[in-house]
1. Okay, helix-only estimate at 222 nm for the chain: each DSSP H run of n ≥ 4 adds -39500 (n - 2.57), divide by all residues, round to 500 deg cm²/dmol; what do you get?
2. What do you get for Rg/Rh of region 29-85 when both radii come from the Cα atoms and Rh is the Kirkwood radius?
3. How high is the relative contact order of region 10-57, in percent, counting Cα pairs under 8 Å that sit 6 or more residues apart?
4. I need the shape label for region 8-52. Rule: rounded when a/c is under 1.5, else prolate if a/b > b/c, else oblate, with a, b, c from the alpha carbon gyration tensor.
5. Among all the aspartates and glutamates, which ones have a C-alpha under 12 Å from LYS22's C-alpha, if same-chain residues fewer than 8 places away are not counted?
6. If amide H atoms are built 1.01 Å from N in the plane of the peptide, which residues on other chains or at least 5 residues away come under 5 Å of the amide H of PHE73?
7. Compute the long axis of helix 3-16 from its Cα atoms, compare it with the longest principal axis of the Cα atoms of the chain, and write down the angle in degrees, 0 to 90, nearest 10.
8. Sort LYS55, LYS28 so that the residue with the fewest other Cβ atoms within 10 Å of its own Cβ comes first and the one with the most comes last.
Amino acid sequence: MTKNEIKKYILEVLENRFNIPKDKLDTKYLKLPLTGKHFKLSGYELGELIFEIEKFTNKKLDLNSLAMYELAFIDRIACLYSCDS
């Protein structure tokens with residue numbers, strides 16, 4: 001699975017599950033933190049998103065081995081879970 005496929009899936013989940021408006025999901029926002037002012041996900045919601053990505057990619061990461069901020073950004077999440085990283 002490529003980074004772009006995972007990014008597209010993340011954006012779909014953000015829109016459909018977390019009700020984030022489409023205009024807030026423009027590619028120019030992919031480097032903003034998911035728990036910041038723009039996306040406003042809670043820590044729990046971020047965990048739900050990671051769980052959805054793990055189901056989609058069929059890949060589990062050792063989250064304890066990552067720095068806390070590693071899963072805060074769409075681009076970084078897509079990179080960690082992609083086959084082409």
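Any read-out appearing in this document is the output of simple, stated calculations on the displayed coordinates, not a laboratory observation. Since we're looking at a predicted model, the values are computed, not measured. Counting neighbours? That spans all protein chains shown, and the Cβs are built from the backbone with ideal geometry, glycine included.
1. -13500 deg cm²/dmol
2. We get a ratio of 0.94 for region 29-85.
3. Contact order relative to length: 29 percent.
4. oblate
5. Partners found: GLU12.
6. Distant-sequence amide H within range of PHE73: LEU34.
7. Once rounded, one gets 40 degrees.
8. Going from sparsest to densest Cβ surroundings: LYS28, LYS55.
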